[in-house]
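Single-structure report; data block below.
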Amino acid sequence: MNRTASQVHGWLLLLPAAVLLAAFTHYPAVATLWHSFFSTPKPARPAAFIGLENYRTLFDDPVFWQSLSNNFWFALGTIPVSIGLALLMAVWVNGKLRGRAFLRLAFFTPTVLPMIAVANIWLFFYTPQYGLLEQITGAFGLPNHNWLGSQSTALGCLMVVAVWKEAGFFMIFYLAALQSVSPTLYEAARIEGAGPWTMFRRITFPLLMPTTLFVLVNAMINSFRLVDHIVVMTRGGPDNATSLLLYYIYEVGFKFWDSSYAAALTMVLLLILAAAAVVQFGFLERRIHYR
Amino acid sequence: MTRTLETAGAWLLGLLWILPLAYAFWAAFHPSEFSTHFALTAPLTLGNFETAWNAAPFARYFVNTMAMVTMILAAQLVLCTLAAYAFARYEFPGRDIAFALVLVQLMVMPDVLIVENYSTMSRLGILDSTLAIGLPYMASAFGVFLMRQTFKQVPRELDDAARVEGASALQVLWKVYVPLAVPTYIAYSLVSISFHWNNFLWPIIVTNTVNARPLTVGLQVFSSTDQGIDWSVVCAATLMTSAPLLVAFLLFQRQFVQSFMRAGIR
């Protein structure tokens, strides 16, 4: 086959995927930026160029800032806990514990269930007065508390659901990595008289570093991407206490139908994801040096 | 001693993790007066499932979800295979830039670009259709990446041998590469099916009638009624909609876990 034909074939094979990717990933990303400089078109008034007006609105919008800070706390609260638990689960399931088949099942099941479905179950747990959590705290003689209805606890409740849903997913990556660690390393360490904790700290943990970084980036993306449970459990309330950035975009874009302001908000989200990409890229670079 | 403590800790966490699902089973199979009241003598019933099934056109939602999941997966397999083959075995100008542009989607997923994608669907005139739910996901960067990795491991000699025998590029792909990548296809399919079966935000945005609505959106009927939620019915509906995935998961647990592992290693 000659060179030109091969080049044409290459592009032809790529073409269908490239067209769809361009239409639904690259074009919308660029169009978001473009539309964020215009006003939202109304039946009587077409879109007009307004420069940075949307960004000025955004800057003065307390709900935006609240969503951003909620999202920040949400990420900060869920990522370390779910990664820590995932690592713990993986070490347990990988070991010789009794009933580890059941444990693996228990840890992983939340991952395959729809978020929207499990949110319903959790919603009941948090229900005031007769919910499960209330019954437990009630049994200890603690006063009634509206877990999802009060600003101080609502976001925390959603964080618990997210950790529960994601830890098992991240466990899988750790499990895969653990199974590739050579047993001779542990044997050598045992001969040197190292205890289990030392072995974990000196062998397992460093070798799992690339996995940890990979999981970290994924966890970060997920904390800005997954808002299904908010739609079911709180709808951003009470008083925007649980509104995350993407949920706010959804509200602005599809409840208030202010598409150009939603575009400006989306730009903020894209910037955050770009930052995650930079982290990932740096990490990939370093990983190549490892080998 | 530490061993016992560890086992106890692991089991405690395991039981805690399975608790929400265990509760859902309890509530779904017992009359609603037992949804907050636990007694061994509680009678079993399927009435909650009946009520849930009749509360919304679930048969239609099941059909919609299956159609959507199948359509997305079929398109993904074809498109990603072709693109991955190009990236793995062809030299063409702009290949590396094109690959980098594909990888952008790993970060900027369609889930985030809801506003613009909605207006695209509206301009295409396909709002409220299965196609509209599927289109943004069909060219999957993750799929391309995964299959490219697999194809790169296929020995060049096999490729060359087939070409010497006069096979065309597509024949080589079909006869040599695809059969060798079956484990990757299985892994990718499981991940894709469970992702799209569970997807919610984009489908709720782009559908507004029963015509294309998937199960996840249909399920919302239950949580949005503010007064008098019957938790037993909610649990029954929840189990019903996740049942196919849950059963598949229990049957093929090992494959599931291995698939996710394989799909995760990049």
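Any residue at all in the range A:24-35 that's more than 10 Å from every other protein chain (Cβ to nearest Cβ), within 15 Å of A:Met267 (Cβ to Cβ) and in contact with a Leu (Cβ under 7 Å, 6 or more places away or on another chain)? Within the range A:24-35, none of the residues are more than 10 Å from every other protein chain (Cβ to nearest Cβ), within 15 Å of A:Met267 (Cβ to Cβ) and in contact with a Leu (Cβ under 7 Å, 6 or more places away or on another chain). Would it be correct to say that B:Tyr23 is within 30 Å of B:Ser140 (Cβ to Cβ), within 14 Å of chain A (Cβ to nearest Cβ) and hydroxyl-bearing (Ser, Thr, Tyr)? When the stated conditions are applied, B:Tyr23 does not pass them.
Given the structure, is A:Val160 among the β-branched types (Val, Ile, Thr) and more than 8 Å from chain B (Cβ to nearest Cβ)? So A:Val160 fits the description; yes.
Got at least one residue in the range A:173-184 being within 14 Å of chain B (Cβ to nearest Cβ), surrounded by fewer than 15 Cβ atoms within 10 Å (Cβ to Cβ), of a type in the set (S, T, N, Q) and under 30 Å from B:Gln255 (Cβ atoms)? Within the range A:173-184 (the criterion being within 14 Å of chain B (Cβ to nearest Cβ), surrounded by fewer than 15 Cβ atoms within 10 Å (Cβ to Cβ), of a type in the set (S, T, N, Q) and under 30 Å from B:Gln255 (Cβ atoms)), the answer is yes, since at least one residue qualifies. B:Glu91 falls short on exactly one of the conditions (1) surrounded by fewer than 19 Cβ atoms within 10 Å (Cβ to Cβ); (2) within 10 Å of another protein chain (Cβ to nearest Cβ); (3) not in a loop (DSSP other than H, G, I, E, B), and that condition is (3). B:Val233 falls short on exactly one of the conditions (1) over 24 Å from B:Leu82 (Cβ atoms); (2) more than 10 Å from chain A (Cβ to nearest Cβ); (3) modelled with pLDDT of 85 or more, and that condition is (3).
Being more than 7 Å from every other protein chain (Cβ to nearest Cβ), out of contact with any Leu (no Cβ under 6 Å at 6 or more places or on another chain), touching a residue at least 40 places away in the same chain (Cβ under 8 Å) and among the aliphatic types (A, V, I, L, M) is the requirement here; does B:Ala75 meet it? Yes.
Could you say whether any residue in the range A:234-242 is within 12 Å of another protein chain (Cβ to nearest Cβ), on the phi > 0 side of the Ramachandran plot and assigned to a loop (DSSP other than H, G, I, E, B)?
Quick first cut of the range A:234-242, residues within 12 Å of another protein chain (Cβ to nearest Cβ) only: A:234-235.
Checking which are on the phi > 0 side of the Ramachandran plot leaves us with A:235.
Retained after the next criterion (residues that are assigned to a loop (DSSP other than H, G, I, E, B)): A:235.
The answer is yes; a qualifying residue exists.
A search for C-beta distances below 6 Å between a residue of the range A:81-99 that is within 11 Å of chain B (Cβ to nearest Cβ) and any residue that is of a type in the set (D, E, K, R) and assigned to a helix (DSSP H, G or I), counting only pairs 6+ apart in sequence or on different chains, returns A:Val93/A:Arg100; A:Val93/A:Arg104. Of the numbered conditions (1) closer than 19 Å to B:Val234 by Cα; (2) within 11 Å of another protein chain (Cβ to nearest Cβ); (3) over 26 Å from the mean Cα position of the chain (by Cα), A:Ala117 satisfies every one except a single condition; which is it? (3) is the only condition that A:Ala117 fails.
Say whether the condition of being away from chain B (no Cβ under 13 Å), in contact (Cβ under 8 Å) with a residue 24 or more places away in the chain and within 20 Å of the chain's Cα centre (by Cα) is met by at least one residue in the range A:188-204. Within the range A:188-204, none of the residues are away from chain B (no Cβ under 13 Å), in contact (Cβ under 8 Å) with a residue 24 or more places away in the chain and within 20 Å of the chain's Cα centre (by Cα).
Would you point out which residue out of B:Thr51, B:Thr7, B:Thr45 is over 30 Å from A:Arg3 (Cβ atoms), surrounded by fewer than 20 Cβ atoms within 10 Å (Cβ to Cβ), within 8 Å of chain A (Cβ to nearest Cβ) and out of contact with any strand residue (DSSP E or B) (no Cβ under 9 Å at 6 or more places or on another chain)? Talk me through it step by step, then tell me what you get.
Details: B:Thr51 fails: within 8 Å of chain A (Cβ to nearest Cβ); B:Thr45 fails: within 8 Å of chain A (Cβ to nearest Cβ).
On inspection, the qualifying residue turns out to be B:Thr7.
Residues considered: A:Thr109, A:Thr137. Of these, the only one that is within 22 Å of the chain's Cα centre (by Cα) and either within 23 Å of B:Leu251 (Cβ to Cβ) or among the hydroxyl-bearing types (Ser, Thr, Tyr) (or both) is A:Thr109.
Does B:Thr216 meet the test of being modelled with pLDDT of 85 or more and within 8 Å of another protein chain (Cβ to nearest Cβ)? Here the answer is yes, as B:Thr216 does meet what is asked.
Taken as a whole, the range B:129-152 holds at least one residue that is under 22 Å from A:Leu113 (Cα atoms) and of a type in the set (Val, Ile, Thr). With respect to the conditions (1) in contact (Cβ under 8 Å) with a residue 60 or more places away in the chain; (2) not in a loop (DSSP other than H, G, I, E, B), A:Leu185 lacks only one, and its number is (1).
Here is a yes/no grid of residues against (1) within 22 Å of A:Leu123 (Cβ to Cβ); (2) of a type in the set (A, V, I, L, M); (3) within 26 Å of the chain's Cα centre (by Cα):
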{"site": "B:Ala22", "(1), (2), (3)": "yes, yes, yes"}
{"site": "B:Leu40", "(1), (2), (3)": "no, yes, no"}
{"site": "B:Phe58", "(1), (2), (3)": "yes, no, yes"}
{"site": "B:Gln76", "(1), (2), (3)": "no, no, yes"}
{"site": "B:Gly94", "(1), (2), (3)": "no, no, no"}
{"site": "B:Glu116", "(1), (2), (3)": "no, no, yes"}
{"site": "B:Ser129", "(1), (2), (3)": "no, no, yes"}
{"site": "B:Ala132", "(1), (2), (3)": "no, yes, yes"}
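Taking the range B:126-165 and the helices (runs of 4 or more DSSP H) fully enclosed by it, the elements with 1 or more residues that are acidic (Asp, Glu) and without any contact (Cβ under 8 Å) to a residue 40 or more places away in the chain are at B:156-164. When we screen B:Thr81, B:Thr45, B:Thr51 for residues that are of a type in the set (Ser, Thr, Tyr), touching a helix residue (DSSP H, G or I) at 6+ places or on another chain (Cβ under 8 Å), in contact (Cβ under 8 Å) with a residue 12 or more places away in the chain and not in a helix (DSSP H, G or I), the only hit is B:Thr45. Is the range B:147-158 home to any residue that is at the interface with another protein chain (Cβ under 8 Å from one of its Cβ atoms) and either among the β-branched types (Val, Ile, Thr) or out of contact with any strand residue (DSSP E or B) (no Cβ under 7 Å at 6 or more places or on another chain) (or both)? Checking the range B:147-158: not a single residue is at the interface with another protein chain (Cβ under 8 Å from one of its Cβ atoms) and either among the β-branched types (Val, Ile, Thr) or out of contact with any strand residue (DSSP E or B) (no Cβ under 7 Å at 6 or more places or on another chain) (or both). Among the criteria (1) buried (at least 23 other Cβ atoms within 10 Å of the Cβ); (2) under 22 Å from the mean Cα position of the chain (by Cα); (3) within 13 Å of chain A (Cβ to nearest Cβ), the one B:Asn64 does not fulfil is (3). Within the range B:99-125, the residues that satisfy the criterion of being in contact (Cβ under 8 Å) with a residue 40 or more places away in the chain and of a type outside the set (Phe, Trp, Tyr) are B:Val102, B:Leu103, B:Pro110, B:Asp111, B:Ile114, B:Asn117, B:Met121.
May I ask you to list the residues in the range B:162-188 that are among the hydroxyl-bearing types (Ser, Thr, Tyr) and buried (at least 16 other Cβ atoms within 10 Å of the Cβ)? Before the answer, list the steps.
Narrowing the range B:162-188 to residues among the hydroxyl-bearing types (Ser, Thr, Tyr): B:168, B:177, B:184-185, B:188.
Result: B:Tyr177, B:Thr184, B:Tyr185, B:Tyr188.
The values are calculated or read from the model by the stated rules, or taken from the named source; none is laboratory data. All values reported here derive from a predicted model rather than from experimental measurement. All Cβ positions, even for glycine, are placed from backbone atoms using ideal geometry, and neighbour counts span all protein chains on display.
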